[in-house]
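Take a look at the structure set out below.
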Amino acid sequence: LAVFARKGSALVREQRERRERMRATRDAVNMGGTTLGNVMGMRADEDDGDGPAQQAPGDADGSSAAAAAAAAAAALPPPAGATRSIREQRESLPAFACRDELLRIIAENQVVVIVGETGSGKTTQLAQYMHEAGYTRDGMIGCTQPRRVAAMSVAKRVAEEMGVVLGEEVGYSIRFEDCTSRQTRLKYMTEGVLLRETLTHRDLAQYSAIIMDEAHERTVNTDVLLGLLKRLAATRRDLKLIVTSATMNAQRFAEFFGNAPVYTIPGRTFPVDVMFSKSACEDYVDSAVRQVLTIHLSQPEGDILVFMTGQEDVEVCCEAIRERLAAVDGAKPLAVLPIYSQLPADLQARIFDRSPTRKVVVATNIAETSLTVDGVRYVVDSGYYKLKVYNPRIGMDSLQVTPISQANANQRSGRAGRTGPGVAYRLYTEHAFKHEMYQSPIPEIQRTNLAYVVMLLKSIGVADLLDFDFLDPPPLDTIKTSMYQLWTLGSLDNSGGIAPLGRRMVELPLDPAPAKMLVAAHGLGCTAEVVTIVSMLAVPSVFYRPKERLDESDAAREKFFVPESDHLTLLNVYNQWVSNGCRDAWCTRHFVHSKSMRKAREVREQLVDILQGTLKVELQSAGANWDVISRCVCSAYFHQAARTKSLGEYTNMRTGMVCHLHPTSALYGMGFTPDYIVYHELVYTSKEYMQCVTAVDPRWLAEMGPMFFSIREPGATKKRHTDMHMARMAAEFQQAKDDAAARTEAQRAQ
Ligand code: CDP
Ligand code: MG
């Protein structure tokens with residue numbers, strides 16, 4: 001990926017510099033104000049998954065604005081259909097025209113891959129057709145979705161279509177929210193939920209069919225499920241498996257399942273002319289702006305859809321279009337509308353409004369498959385998107401502007417041909433398209449931390465991950481780092497198998513580190529507090545920071561600060577909210593998101609259920625002894641420790657990398673910064689920022705992470721524990737692998 005890394009847009013840079021200058025002035029006035037940057041700016045626009053991953057404050061999730069808009073968009077009936085009955089609407093869908101054929105091919109094959117345009121009825125209709133054909137007599141039909149918002153909104157729609165109450169015959173289940181009952185026959189759920197169900201119900205006997213919807217998105221969970229379901233299909237011959245996909249990847253799925261048939265739902269699309277740029281563009285934002293103006297001033301009517309990479313370039317692009325259009329005499333008006341996941345829901349919904357003038361919608365890749373804007377005749381494609389990339393060596397996720405793949409490019413162009421013939425303007429050359437772009441996007445499994453997946457697979461008895469049937473195997477480096485991390489936490493034993501601690505951790509729908517924190521809290525007598533912290537970390541940021549009231553909201557947040565810890569600050573917010581009766585008015589007054597708080601309470605209740613029900617752990621409070629809570633945080637995050645360098649600047653103790661306190665961190669409240677800290681995660685935006693930090697005693701580090709740290713007595717030589725252990729682990733894994741190979745060989749010989 002680095003090969004493709006490219007300089008950003010000059011327009012965007014210019015605007016950023018302008019903003020930073022303004023901020024610097026503001027901070028100078030505020031005597032070194034503590035708040036730069038915006039936590040919200042750190043998320044991937046399209047990152048809306050329901051993985052087990054702990055969500056950093058500010059991470060997208062189902063309750064985000066994007067989700068709301070996606071739901072709103074999905075629920076919008078086609079303009080002409082506003083007055084049609086539900087039955088008429090159902091029967092007008094492309095899937096209906098081939099209903100019998102779909103059912104026949106499903107009846108004749110155990111595994112079928114189904115391809116169809118967005119809106120053809122795959123998600124809402126397939127499960128219903130199968131239900132009508134009797135497939136739910138002996139079990140449920142499970143339909144997985146990569147995004148939680150889709151699971152919820154689609155279940156709601158299907159319940160409406162079937163005239164039943166949501167949660168009864170038709171239900172949904174997402175992490176921390178189960179809306180199903182004994183009556184449920186059609187269950188929409190996130191991939192993560194089905195993955196966790198395989199922990200307790202290995203053969204998924206409760207299902208007669210699984211529809212893996214939107215498999216082309218290739219989330220980590222899609223890929224792991226594909227492997228597990230392939231194994232399961234071999235033993236459960238009665239299980240029907242349907243994989244739906246956009247055109248990209250369909251053939252690969254079919255091959256993966258031993259040449260399963262691919263059925264394409266005949267669509268109604270119009271031809272799209274594709275125009276390439278003659279030379280490589282210097283600045284894709286600038287080129288896009290010029291292209292939009294050219295279309296607007298010279299082409300017949302029809303709306304324009306522009307693909308940018310993230311919030312920042314979307315906004316700059318919109319601004320520049322408006323500015324430059326204002327300078328053209330006699331130009332017709334143009335409605336300029338941004339769309340990205342962090343845009344408030346009401347502003348997002350505006351892209352669906354009828355406009356008397358031509359519209360230009362400037363979007364992130366949220367508009368590639370998730371949202372559909374009718375009336376688009378022109379697409380302007382920058383050729384880039386923002387991708388979350390994990391670097392196993394430094395254990396850091398970063399959002400990188402990356403060239404899209406050919407499949408993405410074709411999907412984007414196709415958006416111009418939904419209501420009539422269209423034109424797609426690609427701001428890159430044909431040569432770049434053919435020779436520099438990958439055929440399809442890099443699956444998430446090859447660019448993300450796999451600790452959770454490794455722990456899950458180990459706990460269901462996949463001894464050797466290298467032998468697991470992955471559609472695309474994850475990089476060896478990532479598997480090794482993930483296993484090493486799990487070993488340091490105590491969840492894997494020396495031979496790489498799951499350890500008793502790991503068995504307890506895997507019961508919790510959490511990433512390994514927070515799961516460890518919660519399990520460790522039991523021994524330290526602070527489960528009541530730690531379960532709150534973990535819940536607060538699992539929801540989107542609770543702090544509300546409106547642009548127009550930054551100073552006020554920052555002052556409100558600072559009142560909650562526990563100077564040595566962001567984790568304890570979160571605990572403090574929660575406790576105060578509870579002691580103030582969990583009131584919304586209290587939230588408004590203190591610039592706290594009430595929705596996130598309520599969600600945190602729900603998450604907490606469910607984690608408490610698991611603690612008490614499954615792990616047989618009672619809640620104990622540390623009372624006023626918050627030091628023990630910091631110790632508990634340290635026991636799960638010692639592998640992410642840093643030592644102070646200068647104010648706000650730290651050196652990572654394992655990688656030596658310089659990383660920074662986030663300007664919104666409570667640690668600035670101390671007036672000086674503590675010598676040693678651990679952090680929840682490292683995110684790269686403009687700098688390497690540590691998110692959610694707690695000050696620790698260096699002796700705790702030596703005690704809890706002896707493989708990394710030791711206290712050096714004066715005169716003693718420094719030990720290189722890390723390298724030693726890395727080498728030992730590697731040797732042990734190799735040994736375990738050789739032993740297994742020898743065993744197989746011996747069996748074969750018999
Ligand atoms: O999955 P696919 O993109 O093929 O289509 P779908 O999601 O099943 O949608 C089929 C139709 O159902 C759409 O054209 C919408 O009109 C309607 N729908 C809806 O009204 N509300 C939803 N939440 C989802 C779909
Ligand atoms: Mg769909």
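The values are calculated or read from the model by the stated rules, or taken from the named source; none is laboratory data. Computed from a predicted structure; not experimentally measured. Ideal geometry is used to build each Cβ from the backbone, glycine not excepted, and the neighbour counts take in all protein chains shown.
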Kindly provide the set of residues from segment 245-261 that are within 26 Å of THR136 (Cα to Cα) and in contact with a Leu (Cβ under 7 Å, 6 or more places away or on another chain), ordered by number.
none
Can we say PHE543 is surrounded by fewer than 22 Cβ atoms within 10 Å (Cβ to Cβ), under 14 Å from CYS692 (Cβ atoms) and in contact (Cβ under 8 Å) with a residue 12 or more places away in the chain?
no
Pairing a residue in segment 662-683 that is closer than 9 Å to PRO563 by Cα with any residue that is among the hydroxyl-bearing types (Ser, Thr, Tyr) and modelled with pLDDT of 90 or more, where Cβ atoms lie under 6 Å and the two sit 6 or more apart in sequence or on different chains, gives ALA666/THR569
Looking only at segment 500-538, and only at residues there that are part of a loop (DSSP other than H, G, I, E, B) and more than 28 Å from the chain's Cα centre (by Cα), the one that is surrounded by the fewest Cβ atoms within 10 Å (Cβ to Cβ)
GLY525
Which pairs have Cβ atoms under 8 Å, sit 6 or more apart or on different chains, and link a residue in segment 147-166 that is more than 13 Å from LYS187 (Cα to Cα) to one that is of a type in the set (S, T, N, Q) and within 11 Å of ligand 1 (Cβ to nearest atom)?
ARG147/SER370; GLU161/THR124; GLU161/GLN128; MET162/GLN128
Is it the case that some residue within segment 691-713 is modelled with pLDDT under 60, of a type in the set (Ser, Thr, Tyr) and under 34 Å from the mean Cα position of the chain (by Cα)?
no
Which condition does PHE433 not pass, out of (1) assigned to a helix (DSSP H, G or I); (2) touching a Pro at 6+ places or on another chain (Cβ under 9 Å), if it passes all the others?
(2)
Which count do you get for residues in segment 682-700 that are surrounded by fewer than 23 Cβ atoms within 10 Å (Cβ to Cβ) and more than 12 Å from LEU661 (Cβ to Cβ)?
7
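So that you can scan it fast, the table gives a plain yes or no per residue for (1) of a type in the set (Lys, Arg); (2) surrounded by fewer than 22 Cβ atoms within 10 Å (Cβ to Cβ):
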| residue | (1), (2) |
| --- | --- |
| VAL362 | no, no |
| SER413 | no, yes |
| PRO443 | no, yes |
| ALA451 | no, no |
| LYS458 | yes, no |
Residue that is farthest from ligand 2 (Cβ to nearest atom), among those in segment 114-138 that are hydrophobic (A, V, I, L, M, F, W, C) and crowded, with 19+ Cβ neighbours inside 10 Å
MET130
Of the residues in segment 109-133, those that are near ligand 1 (Cβ under 9 Å from one of its atoms), within 19 Å of VAL262 (Cβ to Cβ) and either assigned to a helix (DSSP H, G or I) or among the acidic types (Asp, Glu) (or both) come to GLU117, LYS122, THR123, GLN125, LEU126
Only one of (1) in contact with a Phe, Trp or Tyr (Cβ under 9 Å, 6 or more places away or on another chain); (2) within 16 Å of ligand 2 (Cβ to nearest atom) is not met by THR244, so which one is it?
(1)
Return the residues of segment 186-219 that are away from ligand 2 (no atom under 16 Å from the Cβ) and of a type in the set (S, T, N, Q); say none if nothing qualifies.
THR198, THR200, GLN206, SER208
